[in-house]
Amino acid sequence: MVKIGLQISCMFENIEELKTEPNYSYFFKLRCNNCGESDDKWHSICEEERFQEDTRNPKGFNFVIKCKMCSRDNTIDIVEQSAVSYTEEDVGKFKTIVQLECRGIEPTAFEPREGFIAKAIDNGNTFENVEIDETGDWADFDEKNNNSVAISEFKSQFVKIKGK
């Protein structure tokens, strides 16, 4: 089993915190570690969903897929309680926002889509179901503070996490 961290980096305008909603669906493109087959399809993985309970994991897995090339069963679990916020202090740097336990498969790309929560500075509005577009941007208006809010230059990467 390999632990992978999904890291993001972005810029804020009048935003103090960005986090995923409860039951957020992460969309990944995946590659089989056994044969190297990459899938061009986006796959949704949600911490609340469980599939295929067996002796390896009686609770089941968040995601199960059989490789089309080598027929190997591969799984991904979102590490419980590993989702964290991206804050003003993190702006411009990569930070791990969630950890994945990968068995036989690894993510190669992440698409944020909708389902983020953005909190404006100075006790401003909280924006729910924020959708970061394909250019890595989102913008709105904070009526409480009477100013624009935005997220820009959204990027993601994956890192292997060492240790337990």
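The values are calculated or read from the model by the stated rules, or taken from the named source; none is laboratory data. All values reported here derive from a predicted model rather than from experimental measurement. Because the Cβ atoms are built from the backbone with ideal geometry, glycine has one as well, and the counts that use them run over all protein chains shown.
Output yes when any residue across region 6-23 is surrounded by fewer than 13 Cβ atoms within 10 Å (Cβ to Cβ), over 30 Å from residue 122 (Cα atoms) and not β-branched (Val, Ile, Thr), and no when none is.
Looking only at region 6-23, we keep the residues that are surrounded by fewer than 13 Cβ atoms within 10 Å (Cβ to Cβ), and these are 22-23.
Imposing the further condition that a residue be over 30 Å from residue 122 (Cα atoms) reduces the set to none.
No, region 6-23 has no match at all.
Among the numbered criteria (1) within 16 Å of the chain's Cα centre (by Cα); (2) outside any strand (DSSP E or B), which one does residue 70 miss?
Only one criterion in (1) within 16 Å of the chain's Cα centre (by Cα); (2) outside any strand (DSSP E or B) is unmet by residue 70, namely (1).
Confirm whether residue 130 is modelled with pLDDT of 95 or more, over 21 Å from residue 42 (Cβ atoms) and either touching a Phe, Trp or Tyr at 6+ places or on another chain (Cβ under 6 Å) or surrounded by 15 or more Cβ atoms within 10 Å (Cβ to Cβ) (or both).
Details: modelled with pLDDT of 95 or more: yes; over 21 Å from residue 42 (Cβ atoms): no; either touching a Phe, Trp or Tyr at 6+ places or on another chain (Cβ under 6 Å) or surrounded by 15 or more Cβ atoms within 10 Å (Cβ to Cβ) (or both): yes.
So residue 130 does not fit the description; no.
Give all pairs with beta carbons closer than 6 Å in which a residue from region 19-32 that is more than 9 Å from residue 116 (Cα to Cα) and assigned to a strand (DSSP E or B) meets a residue that is among the acidic types (Asp, Glu) and modelled with pLDDT of 95 or more; count only pairs at least 6 apart in sequence or on separate chains.
These pairs meet every condition: 27/111; 31/106.
Before we move on, is residue 144 loosely packed, with under 13 Cβ neighbours inside 10 Å, assigned to a loop (DSSP other than H, G, I, E, B) and touching a residue at least 60 places away in the same chain (Cβ under 8 Å)? Give the derivation first.
Working: loosely packed, with under 13 Cβ neighbours inside 10 Å: yes; assigned to a loop (DSSP other than H, G, I, E, B): yes; touching a residue at least 60 places away in the same chain (Cβ under 8 Å): no.
Taking the combined requirement at face value, the residue does not satisfy it.
Return the residues of region 24-50 that are closer than 26 Å to residue 126 by Cα and either at pLDDT 95 or above or touching a strand residue (DSSP E or B) at 6+ places or on another chain (Cβ under 6 Å) (or both); say none if nothing qualifies. Talk me through it step by step, then tell me what you get.
First pass over region 24-50, keeping only residues closer than 26 Å to residue 126 by Cα: 24-27, 44-48.
Scanning region 24-50 gives 24, 25, 26, 27, 44, 45, 46, 47.
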